[in-house]
Ligand code: MTE
Ligand code: HPA
Ligand code: MOS
């Protein structure tokens, strides 16, 4: 009996206990392969004889008409077999996930620097890449739009604006005791999956195509390829064993790569692999949307928000891609954990001549929530109170003040007790006092501390995506093979699904193997996204396993002459009356008795409805909560800083696998910290992304992780009937490192005796920190404060 968790009662009537297979820490199912370098990624699949290699020729202009294109030198380059353009596409030149505004290969007009125009196919990867540079393209420049501000000013959007209003925000802002207004600049983020985009396509007999693709969405890749070739979906098979990270970047944007590889394979009737190098990947693919926010807020003396208005402008890039649902999620997370009685949110997806931005962990949620946290951070300084006190004053109530601006009632709120626990375990109050004391005697180095909360909605905000299917096979030796619609990108989905199936059948997880995601096994799958992978596919696999167990139960009950409800499964055994049987023996005997030992399973998330035109409904099945406390030290002369300590407490419900969930929280924390601090995307005046490699784009490394890092799971249980009462954990913890950003801002605020709101933009790079320090110093000099009053204000802020 595993004593780590509470015993699991297999069957209440017999009260027989067995070792639970869920709720226990287990290593990732492929961990031993990852560390040994033997896990098969798409590029590791042994190449078929005759495989050719493709490279993309890309636009060098942000917005231009293609006057003439000469590919003769490309064709003549060593090793080149063929060069394909939009004219070679037999059916539809589009791979847009929602709108049909995403050409696979640009034709007539190019929309950003890096946009693919042609595909070179050569006998080697290097030959293809070298040849791609030899194209001669004559452009006629058109005026580009290079920033979300410019797009907004020009009224250039990829979608109609979205508006959500509750109550009378302007009236309450005008009537409030205090008002504040300003702008917030929040940068984007490159997904930086360690394995880049890749697709490998091989023609199959009778007009078929097999595509191996690093993708979070095999079904959409299947449709994109079929659509391009003018084929039916059943002619295309897409397979993905695992990705070396996706982070949203492979939800829709793997399509262009899958289509180009399949196009070449179709035309040349041989296998073709397309694997862009890191720079090309970064130049071509979309990223997290950067946002500009303009806000106005009215609040009382305690910092309680009475009315707030925010205008959100995102950089959609040249096409819609997923910018619409990303904006919807941003709007639905502007409340974060706070009750906003009177609120207006206006969302604009700016069309710019840059990469088409897409999903990235949190999918707009982090952007929306960041805005309200920034506003509350200002409000706290405006009223001279601890920002945690102001945050608490605004939290959703448990039974009142608990309806979101989009009309969903928050029924599972645990933020109050979660924050209390974190405040105690992080010793927030004492450490906050210590930062103030330190700063009083330290003119150059300043310390800062902050606690920020998270509330994140779980479900796709498009209701029909919330479904999943699975197939479970029990072989007649008692070993089990599972296939489901989700994809493995390192997050541990296959591990969780294997545990769930093992648990359902009462066998050890080692008996269960999960196979590659394959569109020919489970049809019409959703993207593995919105953190729903385990919720959806776990339930579908459980449904399949349960059906098999029921058939086995009926067989055993007959054999033992007992009632079915006395049969129990556990610890690799089946017990029915006097009969005890190994699961393998049972499988063999059931097979001989002609019992069906495999099953499909299906799951649909209940309770969801959503009216996109009104932005009202219940888009989320439940919420995941969390909070983090971060303490930093900032050098106000250089802008350098260090994260001294971070404490994170996160709600994964009744965790399916605490070790994996803690890994997700740690990874998300560091990834979100990178977004808000060092990762800066910078386009030059021509619209060329200059930060397109790790040499110029700084992601966090192990050295950036705090030495003092405490990550714990909050003991909770989903109030909704989720898989074993767990909660999705993939995306929500990305919001935890808001605390790092606001700790840096707190340190800078010390320069102005906590009386001035530092105009700190995100990412808070060293340059941004120095700019904010200088701005605070200038504002302080412009409004000198009598020494006595300054001390009093500083004391009040403590
Ligand atoms: N963790 C790893 N290691 N690699 C990834 O690519 N993607 C994140 C998150 N955690 C990701 C990850 C994103 S964006 C999502 S939506 C979820 O995992 C998807 O998986 P899940 O729904 O199974 O949690
Ligand atoms: N997350 C990820 N992908 C999506 C979503 C979402 O909420 N909605 C539509 N596609
Ligand atoms: Mo995650 S951004 O929903 O792939």
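Coordinate-derived values only; no laboratory data. In this text the structure is predicted, and so the values were computed from the model without any measurement. Note: ideal-geometry Cβ built from the backbone for every residue, glycine included; neighbour counts use all protein chains shown.
For the chain, the square roots a ≥ b ≥ c of the C-alpha gyration tensor eigenvalues yield an a/c of 1.5 or more together with a/b not exceeding b/c, which makes the shape oblate.
Extension gain for residue 101 to residue 87 (0.36 nm times residue separation, less C-alpha to C-alpha distance): 3.3 nm.
By the gyration tensor of its Cα atoms, with a ≥ b ≥ c the square roots of the eigenvalues, what is the shape of segment 467-604: rounded for a/c under 1.5, prolate for a/b over b/c, or oblate?
Here segment 467-604 falls in the prolate category.
For the peptides 312-322, 431-441, the ranking by packing is 312-322, 431-441, with the highest mean count of neighbouring Cβ atoms within 10 Å listed first.
Potential lengthening of the chain between residue 580 and residue 424 amounts to 51.2 nm, from the contour at 0.36 nm per residue minus the alpha-carbon distance. Peptides 336-347, 696-707, 101-112 ranked from most to least packed, by the mean per-residue count of other Cβ atoms within 10 Å: 336-347, 101-112, 696-707. Each label point was placed 7 Å from the Cα along the Cα-to-Cβ direction; for residue 782 and residue 38 their separation is 6.6 nm.
Counting only C-alpha contacts under 8 Å and six or more residues apart, can you give the relative contact order of the chain as a whole percent?
Working: 1971 pairs, mean separation 116.1, N = 798.
In percent, rounded to a whole number, it is 15.
By its C-alpha gyration tensor, with a ≥ b ≥ c as the square roots of the eigenvalues, how is segment 158-266 shaped: rounded for a/c under 1.5, else prolate for a/b larger than b/c, else oblate?
Since a/c reaches 1.5 and a/b is larger than b/c, the shape of segment 158-266 is classed as prolate.
Annotation: for a label point projected 7 angstrom from Cα along Cα→Cβ of residue 234, residues of segment 510-537 with backbone N closer than 17 Å are 519-525. In terms of the mean number of neighbouring beta-carbon atoms within 10 Å, the peptides 651-658, 740-747, 223-230 order highest first as 740-747, 651-658, 223-230.
Distance from the Cα centroid of segment 267-323 to that of segment 614-674 is 20 Å (rounded to whole angstrom). Using r as the Cβ-Cβ distance of residue 551 and residue 47, and R0 as 51 Å, what FRET efficiency do you calculate, to the nearest 0.05? Taking R0 as 51 Å, the efficiency between residue 551 and residue 47 is 0.75.
Go ahead and run the numbers for FRET between residue 609 and residue 698, Cβ-Cβ distance against an R0 of 45 Å, rounding to 0.05. Before the final figure, lay out the partial values.
Details: r = 43 Å, r/R0 = 0.95.
E between residue 609 and residue 698, to the nearest 0.05, is 0.55.
Helix-only estimate, please: 222 nm mean residue ellipticity of the chain, summing -39500 (n - 2.57) across DSSP H runs of length 4 or more and dividing by its residues, to the nearest 500. Don't jump to the answer; show the numbers that get you there.
Numbers: 20 runs with 237 residues, N = 798.
Per the formula, -9000 deg cm²/dmol.
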